[in-house]
Amino acid sequence: MCVPGIVWKSIHGKKYMVLRWKKWQNGQSRVVKEIYIGDAERLARTLENPGYDISVTSLSYGSTASILAMEKTIGIKGIVDGIVGHSGNGMSPGDYALLFAMNRLSDPRSKNGIGEWMKSDYASTIYPEVSSQGYWNMMDRFTMDHIKKIKEEIRDRLISMGYDHSRMFVDGSNFYTYMEENDIAKKGHNKAHRYDLNQISYYIEANEDYIPFYGDSYPGNMHDSKTFGMTMDAIPKSSILIFDRGYNSMENIQKIRKRKYIGALVQSDHRDLTGIPVKKDSFIETRKTVYGIDHRIIVYHSSKLERKRIMAFMKMFRKAYVKVRSIMESGDFDALDRARIYLESMQLQETILLPDVTIASGRMHSRLEMLGKNALFTSISDLPGDEIIGLYKKRNRVEHCFRTISMHDLMAPEYHWTPQMIRVHMLFSHIAYLFLALIYNRISEITSLASSIDTLKTIRITFLLRNKEVRKVVTSQNEHGINAMKILGIENAN
């Protein structure tokens with residue numbers, strides 16, 4: 001049993017109180033703990049105002065601590081350093097990659113702003129303050145071969161750790177940038193409708209749990225279908241591929257003819273299939289040669305899909321009808337040609353009839369009937385039709401990835417101006433999202449993918465300094481944050 005007691009020490013002729021705990025060990029009384037109190041005047045101040053000599057520092061903690069916790073299992077730093085190389089005691093390339101991820105999951109800044117962010121984050125207790133020049137110098141060391149090898153080794157590490165890669169969902173996206181045109185920043189079909197700016201495109205290959213096994217960037221003016229070859233090369237041969245219509249082409253499907261895959265046909269190109277009567281929320285099966293290969297075809301009707309598509313179609317239809325009528329009523333000599341060209345661009349030339357701008361009710365009815373249907377093509381013969389449909393419906397897994405990346409600025413803003421720097425930035429961004437996905441899979445019972453970052457942001461660490469004694473307290477004012485701390489094992493700072 002430890003017994004506390006006060007003793008006096010004399011230092012330079014002045015007496016000071018010390019609180020000691022003693023314990024009997026091996027037949028002797030030994031001091032096992034000691035706290036300095038000070039002189040009588042200091043003790044009086046402490047009793048009257050217990051917090052007067054306590055220094056308090058509060059830092060954001062959740063994102064940085066969670067990344068450190070996940071890093072212990074996946075080892076991104078070791079992968080990066082092993083490929084790029086590192087010598088000396090300074091920050092390694094892997095450290096810079098982790099620091100980038102910590103910032104993106106906390107408060108995204110430019111390389112110039114990371115040093116300022118660190119002052120208010122737990123990362124400042126791990127790494128020295130970094131300069132933008134230090135970041136740029138380190139990023140210059142990455143070659144295209146380094147980037148490729150890092151992503152391949154991360155993918156292989158995920159597979160070896162047992163993360164499911166039996167079904168892989170593939171899709172592409174882009175984000176606009178204010179940089180001038182170069183080898184990767186190009187004009188293209190921008191998803192944010194900023195057609196006046198250049199954009200950077202990228203794709204992600206993720207599993208059902210939103211975990212990205214691979215991803216890469218490519219020029220903003222390159223159509224998704226042209227990137228199919230490089231995406232397929234990065235996916236394990238045993239995986240089922242699920243992809244959207246944007247990748248459909250004879251060349252692409254021929255490339256994967258020996259693999260298992262699920263895709264969807266463009267309705268307007270296969271009216272014989274989408275015109276087959278199918279009861280609501282059911283499906284039928286048939287076979288048809290598409291893209292030069294005999295395929296199993298599954299035509300299904302979804303009430304939910306029908307409602308969603310009808311709402312979108314009617315909104316577009318009303319806008320188009322008003323515009324065509326306005327063109328025709330203008331009386332311009334070329335009004336009919338302009339109206340016809342516009343309707344063809346909107347694929348409504350068979351539904352809105354010129355020159356009197358009337359609606360072809362029969363064709364309109366047929367168009368609406370098709371909106372709830374989808375025609376899937378697949379090389380898989382050993383899965384029931386409803387499972388094939390279920391897998392294809394999950395293709396929006398990657399859309400959730402893109403939405404989360406965009407919502408939390410995990411890739412944009414992009415402040416680099418050379419293709420090489422952009423690709424390193426995209427690699428680091430991919431690593432940041434990977435950490436988020438891994439963290440989410442640990443705390444998925446208490447939050448959504450998109451809300452995971454907000455949950456982590458509620459977790460803070462407070463340092464209480466009195467004399468030379470430091471106490472660390474990890475807290476969250478949010479119930480989800482408290483639960484996340486416990487699940488991730490970050491409630492006690494080391």
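Just so you know, all these numbers are worked out from the coordinates, no wet-lab data involved. Keep in mind it's a predicted model, so treat the numbers as computed, not measured. Because the Cβ atoms are built from the backbone with ideal geometry, glycine has one as well, and the counts that use them run over all protein chains shown.
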Relative contact order in percent for the stretch 272-428 (Cα pairs under 8 Å, 6+ apart) equals 25 percent
Taking only the alpha carbons of the stretch 304-370, what extent do you get along each of the three principal axes, in Å, biggest first?
-> 44, 19, 16
State, as an integer percentage, the relative contact order of the stretch 304-370 based on alpha-carbon contacts under 8 Å between residues 6 or more apart.
-> 24 percent
Check the straight Cα-Cα distances from residue 279 and name the aspartates and glutamates below 15 Å, setting aside those fewer than 8 residues away within the same chain.
-> 306, 369, 386
For the stretch 421-461 and the stretch 269-316, what is the separation of their Cα centres, given in Å?
-> 36 Å
Put in order of increasing Cβ neighbours within 10 Å, starting from the fewest, 2, 401 give 2, 401
Would you kindly derive the ³J(HN,Hα) couplings of the stretch 280-291 from the backbone phi angles with the Karplus curve 6.51 cos²θ - 1.76 cosθ + 1.60 (θ = phi - 60°), listing them in order in whole Hz, with x for Gly and Pro?
-> 4, 6, 8, 8, 10, 10, 7, 9, 7, 7, 10, 6
Could you list the trypsin sites (Lys or Arg not before Pro) in the stretch 136-224 that lie in coil according to DSSP, counting only those with at most 16 other Cβ atoms within 10 Å of their Cβ?
-> 141, 187, 191, 194
Gain upon complete extension [residue 7, residue 120; 0.36 nm per residue less C-alpha separation] | 36.7 nm
Taking the Cβ of each residue in 353, 368, 98, 410 as the centre, tally the other Cβ atoms inside 10 Å and list the residues starting with the fewest.
-> 353, 368, 410, 98
Excluding the sites themselves, what is the longest stretch of the chain that contains no GluC sites (Glu not before Pro) in a DSSP loop with at most 10 other C-beta atoms within 10 Å?
-> 181-444
Nearest 10 degrees, 0 to 90: what angle lies between the long axis of helix 396-407 and the longest principal axis of the chain (Cα atoms)?
-> 50 degrees
In terms of Cα to Cα distance under 27 Å, which lysines are near enough to residue 319, apart from those fewer than 8 places away along the same chain?
-> 187, 191, 304, 308, 373
Stretched fully, the stretch from residue 152 through residue 341 gains (0.36 nm per residue minus C-alpha distance, one decimal, in nm) 63.3 nm
Which residues does a label at residue 308 reach in the stretch 376-403, if reach means a backbone N under 16 Å from a point 7 Å past the Cα toward the Cβ?
-> 376, 389-403
Whole-Å distance, taken between Cα centres, linking the stretch 318-376 and the stretch 143-212 | 37 Å
Find how much the distance from residue 441 to residue 329 grows on full extension, using 0.36 nm per residue of separation minus their present alpha carbon separation; answer in nm with one decimal.
-> 34.6 nm
Rg/Rh for the stretch 372-494, where both radii come from Cα atoms and Rh is the Kirkwood radius = 1.15
Nearest-ten-degree value, helix 93-104 long axis tilted from longest Cα axis of the chain = 80 degrees
Where both residues lie in the chain, what percent of DSSP beta bridges are antiparallel, nearest 5?
-> 90 percent
Tell me what the chain gives for mean residue ellipticity at 222 nm when only DSSP H runs of n ≥ 4 count, each as -39,500 (n - 2.57), the sum divided by the residue total, rounded to 500 deg cm²/dmol.
-> -12000 deg cm²/dmol
Simple label model, 7 Å out from Cα along Cβ direction - residue 403 to residue 255, nm = 2.8 nm
Taking a 27 Å limit on the Cα-Cα distance, which of the listed pairs 186/260; 77/111; 9/119 fall beyond it?
-> 186/260; 9/119
So what are the ³J(HN,Hα) numbers for the stretch 333-348, from phi and the Karplus equation (6.51, -1.76, 1.60; θ = phi - 60°), rounded to whole Hz, Gly and Pro as x?
-> 5, 9, 4, 5, 5, 5, 5, 5, 4, 5, 4, 5, 5, 8, 6, 10
Mean separation of Cα pairs under 8 Å and 6+ residues apart, divided by the residue count of the chain: what relative contact order is that in percent?
-> 18 percent
Straight-distance crosslink candidates among aspartates and glutamates, where the alpha carbon sits under 12 Å from residue 226 and sequence neighbours closer than 8 are dropped | 251
10 Å Cβ shell holding at most 10 others, DSSP loop, chymotrypsin sites (Phe, Trp or Tyr not before Pro): longest site-free stretch of the chain | 53-332
Karplus 3J(HN,Hα) series, Hz, for the stretch 71-81 with 6.51 cos²θ - 1.76 cosθ + 1.60 (x for Gly, Pro) = 4, 4, 9, 9, x, 4, 4, x, 5, 5, 5
